[in-house]
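Worksheet for the structure shown next.
The values are calculated or read from the model by the stated rules, or taken from the named source; none is laboratory data. Owing to the predicted nature of the structure, the values given are computational and were not obtained by experimental measurement. Counting neighbours? That spans all protein chains shown, and the Cβs are built from the backbone with ideal geometry, glycine included.
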Amino acid sequence: MKTEINQENILEINDLRTSFFVGKNEVKAVDGVTFQVPKGKTLGIVGESGSGKSITSLSILRLIDEPGKIVGGSINFKGEDLTKVSMSRMRQIRGNEISMIFQEPMTSLNPVYTIGQQLREAFKIHQGLGKKEGTKRAIEMLELVGIPSPDKRVNQYPFELSGGMRQRVMIAMALACKPELLIADEPTTALDVTIQAQILELIKELQEEIGMSVIMITHDLGVVAETCDYVAVMYAGNIVEYADVETLFEDPKHPYTVGLLNSLPRHDIEQDELIPIKGNVPAPDEMPTGCRFAPRCPHASEICKTHPELTETKDGNDVRCWIYTPDWDKEEVSVYDK
Amino acid sequence: MTQFIIRRLIQLIPVLIGVTILVFSLMHLTPGNPAVIMAGESAPEATVKAIEARLGLDKPIHIQYFNFISNAVQLDFGNSIRDNIPVFDHIKARFFTTLELSVWAIIFGVFFGLLIGIISAVRRYSLLDVSLMVVALFGLSMPNFWLGLMLIQYFALELRIFKPTGWGSLEQNVLPIITLGTASAAIIARMTRSSMLDVIDQDYIRTARAKGVKERVVIFRHALKNALIPVVTIVGIQFGGLLAGAVLTESVFAINGLGRLIIDSILQRDFPVVQGAILVISVSFVLVNLIVDISYRMLNKRVDLN
Amino acid sequence: MTNKLLDVNGLKQYFPIKGGFFGRTVNHVKAVDDISFHINEGETVAIVGESGCGKSTTGRAVLRLDEPTEGSVIFDGQEITALSKSELRNIRSEMQIIFQDPYASLNPRQTVKTILMEAMEIQKIGKSKKERTERVIELMETVGLQRHQMNRYPHEFSGGQRQRIGIARALSVDPKLIIADEAVSALDVSIQAQVLNLMKKLQREMKLTYMFISHDLGVVRHISDRIIVMYLGKIVEMGDTKSIFEKPQHPYTKALLSAIPVPDPKKKSNRIFLRGDVPSPIDPPTGCRFHTRCPFATDLCRTTEPTLERKDKEIDENHEVACHYALDIERGIHKAQYEMHNAREVLDDEDEVIEA
């Protein structure tokens, strides 16, 4: 993967490591993640539970709670390393230059304040707007995200709105200060598909209007295919494959990516049989020392006991797999098969 | 909101009827005829009858109850057997002392309870948190008459900072307030802590942080208001308990409050005073609960107390 | 000739809403409102729809986990709604349910072996303890778990393995019908595929019948023979899987299918946006329940409820739809009354506010 500083990237993450400390144990939730987000584009981070995708996104805004901690790497946002800036600078960035929306619209809004009060707060913190001006802007934002009669809704409490509407409010709040980067952490997972379609389209439209970049965290390959320009596939705290969206779906390289696509039941085509990935994601304390996917991989061999690096292939995918390196010996039989 | 208050007021009616029936039956369930007690054991039959007639004790029980209610509504609880002064005059003087003591005690409890609870929650699992909670546990398990005696011993008798008895001046008031308020402070602290810890893990707290809100504002604006919702209920229950629990504290500090009035009157079988005082305490308890419900509702727009 | 294993007729499930001064019933949530369908022996019928459509309630009503308000449920020739408690207990061994969260339905203090043995004891399966133990081992292997794992507790298993335990428990009593209520929804794709394949294999081997309740149309297309689409307590469309996916008739089914993101960046979906949210099932819209969100709705839809029937004689004979205009839309005679251009036009002021 290209690691040189590039003016075209809004965010560059290098070798990010975030761990949780439970007693004397260190659980490496994110273990050496590197990626860039090009300006105005959408990067998808896709992975299953425990892959570290949400922890990665929370690390960017330094929202990791105790006992979690960023233990290494850099997060370069417009020339500043977010892992090193002061907490007060971090607060200036949050909700202003980088915003975030979360999975659960039902619980992500404070139940005891009105929609207006919560929207106004963003304007107050970052633009110093008073109550009157803030309310005016809040109504404008609600209108922008397509909430009907915003002047009425602004005085309502979250529980008076449906899930889809609340997610719109979350988006309005995130976009209040026209951020340059929006991190959307599973923004539609808790919503029904027809509402999901509305929300994804809304994010896309607003992205074009504001010209912001988006990081879309999701487990849904359909959402990735529809909304993202680039995709990073995560597995057990590592990025195992990175490519532009068409390359990834057309020509997936990493055995895990291939496995994911093969095990996905699809509504748009007829499939004979699903080919699942065998086994389970290893528990954090049983993480293999070499390639973390090796115990589940149909191709694993002796060399996979050493940890592979993310390497560029001729087709444009960056893959963390020995198969795509000159060291790969085709003849060797899998050592992991029982 | 107005509709809610009206509805709650209407719902109070059966509660109050229940309370009055209980208080009314006190007199009739306790052994011994009040008229006999008033007249003296050896009084002639005719005197007893006369007293019964004056007190209305010869009428059927439901008429007696009705009279009791209609008088009580006019704050007329009859006259004290002891000194023939209207019961209400007895109560009036004492009630405000007890109320004052309880209000100060609950203010003490809420202030220190919230303070300790919030500090503990914010510094969770730290040494400070653990020590504060141990102290709270002590406060909770100490009987308050013992705490009162210890405070008197140390602060009044040895250090001579405060006075050991009475009510009215600052020097007199501090020790009873601490004595009565400590247990409440401890309970409120523990409740606040667990409620805050619950709230701090909520998604909307993360949302607030992601918005760039300062940590102080996150705690006091976003978390506390939510965390207070269960605490308010506890405060209400505590306050009701304090009104009734003031009895012991009043005895220890020799304060002329409602509690002491009740104890003295019981010892002297002064039934009208006992009745009146208990009724006043019960009604205050009910009213406090109403206020709690209303503030709960104001804090938490979601509850529907249908 | 196929044999109807389950026959549901005019099923209604209303839940009372208490309110007012004295906790009277002030209204009802009409969770399921007069639906009829059947499931043949050995087939998989999926019930799909979004939250609040009544799909899970239907599953529970069939098992009589809730007492149905009205209607009949005939299972294997027996009227379920007329059975006494003890008769019901007997028949429950033939109908098993698997839930979305297997963890919540497994006693955390019992080993897998105890859980499975207990289920068998209740239903008096197996003569002796030894026989039952043998069956536990057999079940463990059937669902792809190791025999030595039977002495472990539920928390020692991963989500996928726990769902396997849930399946093993359901199978332990030799059921005919398994109701899978979002059984694979909480699982990661790679694990979901394992469980789906297992369910298919078991169906082949044990001649099981599945009632598969899910919101995931990808999963549904993969596993089911027939599909029932529900919306706000009503069946809006019902038919063979292939027919539903390839020739959906109801505007709701079409919108639902078009709303699912396709995992193929080259396929540009022709998305139909639906206006607003699902209305409240307490006071469902008159006429066709979908009319508030349907771009094709007319006055007829607002007043008259459409019946579920086969509209297009060209398509599959099992395919029924409840829409006045299904055929006219198909033929291009009836056009949409309005068009949605972007995601911000889809809400309107009359949107039902969801009272949580």
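A few notes on this one:
- Selection within the stretch C:167-211: residues that are basic (K, R), more than 11 Å from every other protein chain (Cβ to nearest Cβ) and assigned to a helix (DSSP H, G or I). The member of this set that is nearest to C:F157 (Cα to Cα) is C:R169.
- Scope the stretch B:145-154; condition within 19 Å of the chain's Cα centre (by Cα) and under 11 Å from B:L175 (Cα atoms); matching residues: B:L147, B:G148
- So C:P108, is it more than 24 Å from C:V184 (Cβ to Cβ) and outside any strand (DSSP E or B): no
- The criterion of at least 3 residues that are surrounded by 19 or more Cβ atoms within 10 Å (Cβ to Cβ) and aliphatic (A, V, I, L, M) is met by the following strands (runs of 3 or more DSSP E) wholly inside the stretch C:1-101: C:4-19, C:24-40, C:44-48, C:95-98.
- In the stretch B:261-272, the residues that are in contact (Cβ under 8 Å) with a residue 24 or more places away in the chain reach residues that are of a type in the set (D, E) and in a helix (DSSP H, G or I) with C-beta atoms within less than 8 angstrom, at least six apart or across chains, in these pairs: B:D270/B:D264.
- Residue that is nearest to the other protein chains (Cβ to nearest Cβ) [pool: residues in the stretch A:232-252 that are crowded, with 24+ Cβ neighbours inside 10 Å and under 12 Å from A:G316 (Cα atoms)]: A:L248
- Unique match (being buried (at least 22 other Cβ atoms within 10 Å of the Cβ) and farther than 30 Å from A:P105 by Cα) among B:A208, B:A227, B:A246: B:A246
- The stretch A:111-165, subset at positive phi and free of Cβ contacts under 8 Å to residues at least 24 places away in the same chain, residue farthest from the chain's Cα centre (by Cα): A:S149
- Of all residues assigned to the stretch C:128-146, none qualifies as being part of a helix (DSSP H, G or I), within 14 Å of chain A (Cβ to nearest Cβ) and over 28 Å from C:I80 (Cβ atoms).
- C:G160 fulfils the conditions (1) in a helix (DSSP H, G or I); (2) crowded, with 20+ Cβ neighbours inside 10 Å; (3) at pLDDT 85 or above except for a single criterion, (3).
- A search for C-beta distances below 8 Å between a residue of the stretch B:122-151 that is outside the structural domain of B:R190 (by TED's automatic domain parsing) and part of a helix (DSSP H, G or I) and any residue that is at pLDDT 90 or above and surrounded by fewer than 13 Cβ atoms within 10 Å (Cβ to Cβ), counting only pairs 6+ apart in sequence or on different chains, returns nothing.
- Residues of the stretch C:234-269 that are touching a strand residue (DSSP E or B) at 6+ places or on another chain (Cβ under 6 Å), farther than 20 Å from C:I223 by Cβ and either in a helix (DSSP H, G or I) or within 11 Å of another protein chain (Cβ to nearest Cβ) (or both): C:Y252 alone.
- Test: residue in the stretch B:70-91 that is under 30 Å from B:T182 (Cα atoms) and not β-branched (V, I, T): yes
- Here C:L202 does not fit the description of being in contact (Cβ under 8 Å) with a residue 40 or more places away in the chain, touching a His at 6+ places or on another chain (Cβ under 6 Å) and not small (G, A, S).
- Screening the candidates B:L287, B:L228 for the property of being closer than 30 Å to B:S194 by Cα and free of Cβ contacts under 8 Å to residues at least 12 places away in the same chain yields one hit, B:L287.
- The number of residues in the stretch A:91-123 that are under 30 Å from A:K78 (Cα atoms), more than 7 Å from every other protein chain (Cβ to nearest Cβ) and surrounded by fewer than 21 Cβ atoms within 10 Å (Cβ to Cβ) comes to 2.
- Qualifying residue in the stretch B:47-56 (condition: of a type outside the set (F, W, Y), outside any helix (DSSP H, G or I) and touching a residue at least 40 places away in the same chain (Cβ under 8 Å)): no
- Of everything in the stretch A:259-317 that is at the interface with chain C (Cβ under 9 Å from one of its Cβ atoms) and not in a loop (DSSP other than H, G, I, E, B), the residue that is surrounded by the most Cβ atoms within 10 Å (Cβ to Cβ) is A:L260.
- Checked against the criterion of being assigned by TED's automatic domain parsing to the domain that holds C:F37, in contact with a helix residue (DSSP H, G or I) (Cβ under 9 Å, 6 or more places away or on another chain) and in contact (Cβ under 8 Å) with a residue 12 or more places away in the chain, the candidates C:V219, C:V236 yield just one match: C:V219.
- The listed residue being in contact with a helix residue (DSSP H, G or I) (Cβ under 9 Å, 6 or more places away or on another chain) and outside the structural domain of A:A236 (by TED's automatic domain parsing), out of A:E48, A:E104: A:E104
- Of all residues in the stretch B:206-222, one or more are within 7 Å of another protein chain (Cβ to nearest Cβ), within 33 Å of the chain's Cα centre (by Cα) and assigned to a helix (DSSP H, G or I).
- Odd one out for A:G146, checked against (1) within 14 Å of chain C (Cβ to nearest Cβ); (2) part of a helix (DSSP H, G or I): (2)
- Among the residues of the stretch B:57-90, those identified as in contact (Cβ under 8 Å) with a residue 40 or more places away in the chain and under 16 Å from B:R269 (Cα atoms) are B:F77, B:G78, B:N79, B:S80, B:I81, B:R82, B:V87, B:H90.
- Residue check, B:T192 assigned to a helix (DSSP H, G or I) and away from chain A (no Cβ under 12 Å): yes
- The number of residues in the stretch C:102-136 being without any contact (Cβ under 8 Å) to a residue 24 or more places away in the chain, over 29 Å from the mean Cα position of the chain (by Cα) and buried (at least 17 other Cβ atoms within 10 Å of the Cβ) comes to 2.
One line per residue, one yes/no per condition, for (1) crowded, with 19+ Cβ neighbours inside 10 Å; (2) within 14 Å of another protein chain (Cβ to nearest Cβ); (3) modelled with pLDDT of 95 or more:
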{"residue": "A:F21", "(1), (2), (3)": "no, yes, no"}
{"residue": "A:A29", "(1), (2), (3)": "yes, no, no"}
{"residue": "A:K39", "(1), (2), (3)": "no, no, no"}
{"residue": "A:T42", "(1), (2), (3)": "yes, yes, yes"}
{"residue": "A:S49", "(1), (2), (3)": "no, yes, no"}
{"residue": "A:I60", "(1), (2), (3)": "yes, yes, yes"}
{"residue": "A:I75", "(1), (2), (3)": "yes, no, yes"}
{"residue": "A:G79", "(1), (2), (3)": "no, no, no"}
{"residue": "A:S88", "(1), (2), (3)": "no, yes, no"}
